[in-house]
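*Asks:* Here it is: the structure, laid out below.
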């Protein structure tokens with residue numbers, strides 16, 4: 001008998017799910033748009049919206065309080081969702097503003113939420129849709145016997161997040177259910193994989209950058225070039241994760257220069273000693289589309305973080321963005337920061353940042369070919385293609 005071609009005897013790859021339901025964690029389409037669609041759950045959603053193999057896509061915002069929606073959406077119109085025949089947005093409403101905090105109440109609440117989601121899927125003529133969710137309570141507490149594969153996209157360890165302290169027990173129980181149900185896990189760090197302890201398939205998916213946004217050479221804003229150099233930059237949420245003592249040491253070591261911190265001030269008391277320094281400048285938050293221009297104006301960038309359960313579980317988006325702009329970086333040596341190639345100068349947790357900053361300033365910016373290679377190696381299109389292949393195959 002004539003042997004068959006290799007292609008004829010090789011098992012066919014699993015067919016991907018044609019119908020998909022995507023749910024955000026604690027945000028909405030409007031909030032994701034306003035922050036720049038720059039996190040992994042946002043990018044996975046963009047990939048689903050662009051994938052022609054996905055014939056139907058139902059996107060669900062986080063549940064919102066109906067009275068709050070009536071007031072807030074009238075004051076500020078949400079960013080419209082590009083609805084099509086194949087793509088819809090769902091906004092679940094409820095009376096209460098926040099999720100319940102007791103585990104039993106969370107189970108009941110998300111059991112009701114699932115039944116409403118199932119009806120919405122039936123109205124959209126969806127057949128065993130794959131579930132891709134960034135909400136641990138959805139991934140852990142919903143049964144989904146009517147759906148296809150369920151994938152939890154973990155962008156943070158919310159059980160360790162100070163803002164979600166009231167739900168810590170709920171998150172830990174949801175993680176245990178995700179593991180028990182052998183649900184798929186896409187996580188931005190090994191620490192999250194260890195915390196969830198998945199018994200099903202898992203994929204490590206670090207953050208990345210938008211090659212179109214970061215590939216250009218933007219003009220540095222005038223307010224930044226007016227500050228004396230060296231300009232040492234930190235961009236991010238300003239809260240207790242920032243090592244104020246290390247930052248103070250840097251500001252006082254370069255009194256002729258400028259330490260520029262950009263981002264929403266969420267813990268003013270914690271940052272007060274640093275903000276009192278004469279050469280420390282707080283500019284406030286900027287739109288994500290403006291971040292490349294700001295980073296391009298820095299002589300060196302900083303990530304002075306405390307070592308906490310939260311920071312060891314993060315994927316350092318700001319480190320990828322600093323390097324995409326070609327800037328040298330001084331960072332606290334946490335596990336998620338390791339293995340990222342480039343001019344990165346590491347400091348032990350609670351260590352002295354001054355030698356690393358001096359080394360970064362001496363190294364200077366990356367050469368343009370090296371910068372572009374970094375962007376190519378760490379671009380969102382390839383990351384999200386990997387995530388979709390993992391989440392949608394049956």
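*Asks:* Sort out which residues of region 130-158 are touching a residue at least 40 places away in the same chain (Cβ under 8 Å), part of a helix (DSSP H, G or I) and either touching a strand residue (DSSP E or B) at 6+ places or on another chain (Cβ under 7 Å) or farther than 13 Å from residue 185 by Cβ (or both), and write them in order of number.
*Replies:* 136, 138, 139, 158
*Asks:* Okay, moving on. Whether any residue in region 316-336 is within 22 Å of the chain's Cα centre (by Cα) and either in the same structural domain as residue 162 (by TED's automatic domain parsing) or over 21 Å from residue 232 (Cβ atoms) (or both) is what I want to check.
*Replies:* Scanning region 316-336, I find at least one residue that is within 22 Å of the chain's Cα centre (by Cα) and either in the same structural domain as residue 162 (by TED's automatic domain parsing) or over 21 Å from residue 232 (Cβ atoms) (or both), so the answer is yes.
*Asks:* Select from region 360-394 the residues that are touching a strand residue (DSSP E or B) at 6+ places or on another chain (Cβ under 8 Å) and closer than 12 Å to residue 320 by Cα and list them in ascending order.
*Replies:* 375, 378, 379, 380 - these are the residues of region 360-394 that are touching a strand residue (DSSP E or B) at 6+ places or on another chain (Cβ under 8 Å) and closer than 12 Å to residue 320 by Cα.
*Asks:* Looking only at region 159-193, filter to residues that are under 30 Å from residue 125 (Cβ atoms) and touching a strand residue (DSSP E or B) at 6+ places or on another chain (Cβ under 8 Å); which one of those is surrounded by the fewest Cβ atoms within 10 Å (Cβ to Cβ)?
*Replies:* 181
*Asks:* For region 314-379, which fully contained helices (runs of 4 or more DSSP H) count at least 3 residues that are closer than 16 Å to residue 300 by Cβ?
*Replies:* Qualifying helices (runs of 4 or more DSSP H): 317-324, 354-363.
*Asks:* Moving on. Return the residues of region 225-256 that are over 17 Å from residue 276 (Cβ atoms) and surrounded by fewer than 20 Cβ atoms within 10 Å (Cβ to Cβ); say none if nothing qualifies.
*Replies:* Once the filter is applied, which keeps residues that are over 17 Å from residue 276 (Cβ atoms) and surrounded by fewer than 20 Cβ atoms within 10 Å (Cβ to Cβ), region 225-256 yields 225, 226, 227, 228, 229, 230, 236, 237, 239, 240, 256.
*Asks:* Here is a further query. Regarding residue 269, is this residue more than 23 Å from the chain's Cα centre (by Cα) and without any contact (Cβ under 8 Å) to a residue 12 or more places away in the chain?
*Replies:* It is true that residue 269 is more than 23 Å from the chain's Cα centre (by Cα) and without any contact (Cβ under 8 Å) to a residue 12 or more places away in the chain.
*Asks:* Looking at region 194-211 only, could you name the residues that are farther than 25 Å from residue 35 by Cβ and either buried (at least 21 other Cβ atoms within 10 Å of the Cβ) or touching a strand residue (DSSP E or B) at 6+ places or on another chain (Cβ under 6 Å) (or both)? Walk me through it before giving the result.
*Replies:* As a first pass, look at region 194-211 and keep what is farther than 25 Å from residue 35 by Cβ: 194, 197-202.
Across region 194-211, the qualifying residues are 198, 200, 201, 202.
*Asks:* Right, next: Among the helices (runs of 4 or more DSSP H) lying completely within region 25-102, list those that include at least 3 residues that are surrounded by fewer than 14 Cβ atoms within 10 Å (Cβ to Cβ) and assigned by TED's automatic domain parsing to the domain that holds residue 147.
*Replies:* By residue number, 66-75.
*Asks:* Follow-up. Could you tell me whether region 115-129 includes any residue that is assigned to a strand (DSSP E or B) and buried (at least 22 other Cβ atoms within 10 Å of the Cβ)? Full working, then the answer.
*Replies:* Let us first name the residues in region 115-129 that are assigned to a strand (DSSP E or B), namely none.
Scanning region 115-129 turns up no residue that is assigned to a strand (DSSP E or B) and buried (at least 22 other Cβ atoms within 10 Å of the Cβ).
*Asks:* Counting only residues that are farther than 19 Å from residue 378 by Cβ and touching a helix residue (DSSP H, G or I) at 6+ places or on another chain (Cβ under 6 Å), which one in region 300-316 is surrounded by the fewest Cβ atoms within 10 Å (Cβ to Cβ)?
*Replies:* 309
*Asks:* Mind checking which pairs have a first residue in region 65-84 that is free of Cβ contacts under 8 Å to residues at least 60 places away in the same chain and a second that is part of a helix (DSSP H, G or I), Cβ under 8 Å, 6 or more apart or different chains?
*Replies:* 78/29; 78/30; 79/29; 79/30; 79/33; 79/34; 81/29; 82/49
*Asks:* Just give me the residues in region 159-192 being farther than 21 Å from residue 132 by Cβ and part of a loop (DSSP other than H, G, I, E, B), in sequence order.
*Replies:* 161
*Asks:* Something else now. Do we have any residue at all in region 276-284 that's part of a loop (DSSP other than H, G, I, E, B), surrounded by fewer than 17 Cβ atoms within 10 Å (Cβ to Cβ), touching a residue at least 60 places away in the same chain (Cβ under 8 Å) and under 24 Å from the mean Cα position of the chain (by Cα)?
*Replies:* yes
*Asks:* Could you list, in sequence order, the residues of region 329-367 that are within 17 Å of residue 242 (Cα to Cα), surrounded by fewer than 17 Cβ atoms within 10 Å (Cβ to Cβ) and touching a residue at least 24 places away in the same chain (Cβ under 8 Å)?
*Replies:* Scanning region 329-367 gives 335, 349, 350, 351, 352, 354.
*Asks:* Answer with yes or no whether residue 259 is surrounded by 18 or more Cβ atoms within 10 Å (Cβ to Cβ), modelled with pLDDT of 95 or more and not in a strand (DSSP E or B).
*Replies:* Details: surrounded by 18 or more Cβ atoms within 10 Å (Cβ to Cβ): yes; modelled with pLDDT of 95 or more: yes; not in a strand (DSSP E or B): no.
Taking the combined requirement at face value, the residue does not satisfy it.
The values are calculated or read from the model by the stated rules, or taken from the named source; none is laboratory data. Predicted model, so just to flag it, every value in this text is computed and none were measured. Backbone-built Cβ (ideal geometry, glycine too); neighbour counts: all protein chains shown.
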